[in-house]
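In what follows, a structure is listed as structure tokens, so that the remarks can point back to it.
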2 protein chains.
Amino acid sequence: MTSTIEMKKLSSKNIVSPKGFTAAGVHCGLKHKKKDLAILVSEVPASVAGVFTTNAVQAAPLKVTKEVVYETKKMQAVIVNSGNANACTGKQGLLDAYEMQLLAAQKLGIASSLVGVASTGVIGEIMKMEPVKKGVELLNPDSKLESGIDFSQAILTTDTVMKNTTYATIIDGKEVIVSGTAKGSGMIEPNMATMLGFITTDANIESEELQKALSSVTDCTFNSITVDGDTSTNDTVIVMANGLAGNDPLSPAHPDWENFYTALRLVSEDLAKSIARDGEGATKLIEVEVDGAVSDEEARKIAKTVVGSPLVKTAVFGCDANWGRIIAAVGYSGAVIDPDKITIKIGGATMVENGEPIQFSEEALIEILKQHEVKIFVSLEVGKGHGFAWGCDLTYDYVQINASYRS
Amino acid sequence: MTSTIEMKKLSSKNIVSPKGFTAAGVHCGLKHKKKDLAILVSEVPASVAGVFTTNAVQAAPLKVTKEVVYETKKMQAVIVNSGNANACTGKQGLLDAYEMQLLAAQKLGIASSLVGVASTGVIGEIMKMEPVKKGVELLNPDSKLESGIDFSQAILTTDTVMKNTTYATIIDGKEVIVSGTAKGSGMIEPNMATMLGFITTDANIESEELQKALSSVTDCTFNSITVDGDTSTNDTVIVMANGLAGNDPLSPAHPDWENFYTALRLVSEDLAKSIARDGEGATKLIEVEVDGAVSDEEARKIAKTVVGSPLVKTAVFGCDANWGRIIAAVGYSGAVIDPDKITIKIGGATMVENGEPIQFSEEALIEILKQHEVKIFVSLEVGKGHGFAWGCDLTYDYVQINASYRS
């Protein structure tokens with residue numbers, strides 16, 4: 001067993017940095033000017049894992065991609081468009097998703113059963129397939145860093161920044177890279193799929209183990225963020241692991257498992273926090289940490305309830321140390337609590353201790369709340385559960401972005 | 001059995017209109033200028049029923065009032081203040097709530113075990129008891145309509161309008177009146193208890209039957225509204241039934257039961273809708289009706305999920321016929337649905353039929369969405385469940401009210 005975690009953050013790398021990955025992103029015409037079609041490719045069929053929206057209404061591309069993840073169990077490429085979610089588009093939507101899969105497979109000369117499809121954009125509008133067809137011809141993936149950036153840009157909707165993160169770790173003495181990119185922001189213009197995430201790694205790991213790792217990591221990363229509580233019809237996170245790093249197959253029994261798992265968790269956590277920070281109209285990242293819940297699940301549930309409360313979100317926007325709203329959200333989270341044991345801190349300053357209000361300096365708190373990251377800590381003392389959630393403040397701009405897209 | 005429901009809405013009456021009820025409301029100094037202390041009294045001890053917040057953090061007055069409802073099982077008066085919620089105030093808060101109960105009982109010359117207490121306002125600040133003591137001396141309840149209005153005004157926080165409704169029905173050939181008043185609006189300055197409701201009736205009914213009726217009615221009225229999804233620490237609805245109408249004791253076996261039940265339901269529904277319509281910053285009442293769910297409970301759950309979606313709320317504010325957000329909310333409600341059977345209408349215009357988008361006139365829809373009441377209808381065709389929920393749009397003013405109270 002390694003006693004320490006080997007981990008290096010590589011700030012200038014991206015999804016094409018793990019061995020054997022290439023990418024491309026172009027403008028095809030689904031959006032007015034910006035890039036809107038992208039492809040991510042592995043040199044060889046890669047082990048694959050995916051997590052998908054829990055919404056009972058699911059967009060057509062999810063059906064196609066789930067077949068690749070659950071039936072083929074290998075993925076070699078994923079084609080992604082922004083500008084149209086291909087959701088609630090009936091039978092034609094499904095035909096279009098399969099056609100996108102086929103177009104990408106033909107372009108790359110691989111089996112279509114190895115190609116995933118993801119879409120984000122307007123709900124309820126039929127895909128314009130002519131631009132997509134022309135766009136696929138323009139997609140010439142390579143391993144240049146710029147091509148990775150093109151991919152990351154082409155999947156954005158109203159995101160204000162690209163979301164990329166890359167870590168290197170050591171497995172069997174070999175460097176293994178895990179890199180990810182995502183889009184988030186919210187659902188707008190009129191309905192953007194909330195979240196797409198793509199993670200590449202050259203680690204050698206079977207799909208089954210990869211899926212377990214991704215599912216576990218997702219609970220405390222992608223599933224622990226909220227922008228507005230609206231679960232989209234298109235949420236998708238895909239990991240492709242092509243094995244080109246040459247390590248022995250990974251599983252929890254492998255002595256360097258923690259290195260790989262931590263890299264996957266850090267990539268996911270970075271992307272999740274980037275999405276929360278870049279929520280529609282957001283000016284601040286809010287991190288809520290809960291300690292002493294009856295379980296880790298309950299800790300995360302409470303943290304997510306607090307960070308999702310519109311009243312907490314507006315209070316943070318207004319630099320108001322409004323702990324009453326925090327304790328009220330803890331109370332209605334549905335988790336086991338004892339009101340007389342709750343302690344609440346904002347940015348390290350204690351607001352409530354064992355359920356009783358503590359005098360605090362309003363001025364000092366306003367300074368804390370003016371920062372771009374606001375940390376809320378809740379201690380419950382009813383168990384050993386611990387967890388985090390991340391979100392953003394609720395601002396005039398959120399209302400503006402979501403109320404006025406057609407006016 | 002009566003084959004038709006006997007019901008008359010009495011627009012100029014209020015909570016003192018049922019026989020034997022008196023009220024008063026004064027300014028005592030918990031708020032700057034407005035009335036902030038009120039009392040509602042029955043000539044004789046009344047049967048009582050109550051529903052209370054499900055928040056695990058509950059304000060001190062709820063403990064006192066629950067003892068009256070669940071142990072005394074009769075109530076003769078309730079004292080209410082606005083400006084301070086007496087929540088998260090520890091042992092002192094509980095002592096203060098009991099002192100309010102005692103002060104009211106002494107003033108009226110009745111047992112304190114017959115007096116309920118309700119508070120709404122700031123969370124986490126100790127009650128100023130001096131103003132309350134002086135205020136109680138000023139409370140001289142009588143049966144004038146103006147005194148009922150004084151009560152309704154004194155319980156308000158950031159509500160922009162009073163909320164009153166009164167119905168008369170016939171039971172055993174005698175007129176029975178059911179009247180209610182409420183406060184709602186949201187949680188502000190910094191934390192206002194979301195909802196207080198007080199219903200008076202001269203009907204003769206035991207507390208046990210009254211509680212069953214109130215609990216049943218609450219599910220499809222007070223529990224079917226949402227302003228911001230934040231469940232307060234102080235929510236309370238109380239019904240007092242003093243029996244002075246002289247009818248035979250009511251129960252579901254009574255031939256006129258439906259008359260009474262309907263009056264109670266209509267009073268509750270009117271108050272609930274008034275609260276939703278007057279939500280913080282709201283410009284519109286949104287009504288969501290769901291038909292064809294697997295049960296009435298699921299229908300209400302879906303309706304409440306749709307009406308609570310920030311994206312649906314901002315779309316209605318922006319007059320945007322954004323049915324994609326509605327179907328997405330239906331999908332993540334957690335209810336059983338079949339995406340291919342969903343039909344969605346806005347103000348009677350069909351947006352989606354059996355899961356497929358329908359062409360509609362944007363202009364006509366903008367006109368529909370400009371109204372002060374917007375009706376959304378969702379048909380699921382997976383069962384016979386039916387239900388409603390009410391809410392309001394999400395506006396700049398909501399953010400302004402909740403972000404800037406201290407600045």
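For the stretch A:21-42, does any single residue satisfy the condition of being surrounded by fewer than 23 Cβ atoms within 10 Å (Cβ to Cβ), at pLDDT 95 or above, away from chain B (no Cβ under 14 Å) and closer than 30 Å to A:P252 by Cβ? No; the residues of the stretch A:21-42 include none that is surrounded by fewer than 23 Cβ atoms within 10 Å (Cβ to Cβ), at pLDDT 95 or above, away from chain B (no Cβ under 14 Å) and closer than 30 Å to A:P252 by Cβ. Across the stretch B:339-357, what is the total count of residues that are in a loop (DSSP other than H, G, I, E, B), open to solvent by 50 Å² or more (accessible area, probe 1.4 Å) and at the interface with chain A (Cβ under 10 Å from one of its Cβ atoms)? Total satisfying the criteria: 1.
Against the definition (of a type in the set (D, E, K, R), in a strand (DSSP E or B) and assigned by TED's automatic domain parsing to the domain that holds B:G116), how does B:E71 come out, yes or no? No, not satisfied. Apart from one condition, A:S251 fits all of (1) open to solvent by 10 Å² or more (accessible area, probe 1.4 Å); (2) out of contact with any Asp or Glu (no Cβ under 6 Å at 6 or more places or on another chain); the exception is (2). Of all residues in the stretch A:263-288, those satisfying the criterion of being open to solvent by less than 20 Å² (accessible area, probe 1.4 Å) and assigned to a helix (DSSP H, G or I) are A:A263, A:L264, A:V267, A:S268, A:L271, A:A272, A:I275, A:A276. Could you list, in sequence order, all residues of the stretch B:64-91 that are surrounded by fewer than 24 Cβ atoms within 10 Å (Cβ to Cβ) and within 11 Å of another protein chain (Cβ to nearest Cβ)? Of everything in the stretch B:64-91, those that are surrounded by fewer than 24 Cβ atoms within 10 Å (Cβ to Cβ) and within 11 Å of another protein chain (Cβ to nearest Cβ) turn out to be B:G90, B:K91. Answer yes or no: is there a residue in the stretch B:152-174 that is farther than 30 Å from B:C392 by Cα, in contact (Cβ under 8 Å) with a residue 60 or more places away in the chain and either open to solvent by less than 30 Å² (accessible area, probe 1.4 Å) or not assigned by TED's automatic domain parsing to the domain that holds B:V41 (or both). Within the stretch B:152-174, one or more residues are farther than 30 Å from B:C392 by Cα, in contact (Cβ under 8 Å) with a residue 60 or more places away in the chain and either open to solvent by less than 30 Å² (accessible area, probe 1.4 Å) or not assigned by TED's automatic domain parsing to the domain that holds B:V41 (or both). The residues of the stretch B:63-91 that are at pLDDT below 95, on the phi < 0 side of the Ramachandran plot and out of contact with any Leu (no Cβ under 7 Å at 6 or more places or on another chain), listed by number, are B:A85, B:A87, B:T89, B:K91.
Residue by residue, here is whether (1) assigned to a loop (DSSP other than H, G, I, E, B); (2) open to solvent by 40 Å² or more (accessible area, probe 1.4 Å); (3) at pLDDT 95 or above; (4) out of contact with any helix residue (DSSP H, G or I) (no Cβ under 8 Å at 6 or more places or on another chain) holds:
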{"position": "B:S113", "(1), (2), (3), (4)": "no, yes, yes, no"}
{"position": "B:M127", "(1), (2), (3), (4)": "yes, no, yes, no"}
{"position": "B:G135", "(1), (2), (3), (4)": "no, no, yes, yes"}
{"position": "B:I149", "(1), (2), (3), (4)": "no, yes, yes, yes"}
{"position": "B:S179", "(1), (2), (3), (4)": "no, no, yes, no"}
{"position": "B:A182", "(1), (2), (3), (4)": "no, no, no, no"}
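Would you call A:V316 surrounded by 24 or more Cβ atoms within 10 Å (Cβ to Cβ) and more than 9 Å from chain B (Cβ to nearest Cβ)? Spelling it out, it is not the case that A:V316 is surrounded by 24 or more Cβ atoms within 10 Å (Cβ to Cβ) and more than 9 Å from chain B (Cβ to nearest Cβ). Tell me, yes or no, whether the stretch A:231-246 has at least one residue that is more than 9 Å from chain B (Cβ to nearest Cβ), among the acidic types (D, E) and in a helix (DSSP H, G or I). No, the conditions are met nowhere in the stretch A:231-246.
What are the pairs with Cβ atoms under 6 angstrom where one residue, in the stretch A:378-404, is within 14 Å of chain B (Cβ to nearest Cβ) and in a loop (DSSP other than H, G, I, E, B) and the other, located anywhere, is open to solvent by less than 10 Å² (accessible area, probe 1.4 Å) and of a type in the set (V, I, T)? Sequence gap at least six, or different chains. The qualifying pairs are A:D393/A:V316; A:L394/A:T314.
In the stretch B:197-208, the condition of being in a helix (DSSP H, G or I), modelled with pLDDT of 95 or more, open to solvent by 10 Å² or more (accessible area, probe 1.4 Å) and away from chain A (no Cβ under 14 Å) is met by at least one residue.
The values are calculated or read from the model by the stated rules, or taken from the named source; none is laboratory data. Note that the coordinates shown come from a computational prediction; the quantities given were computed from them, not determined experimentally. Because the Cβ atoms are built from the backbone with ideal geometry, glycine has one as well, and the counts that use them run over all protein chains shown. Note: accessible area is taken over every heavy atom of the protein model, side chains too, but ligands, DNA and RNA are not part of it. Shrake-Rupley method; radii C 1.70, N 1.55, O 1.52, S 1.80 Å.
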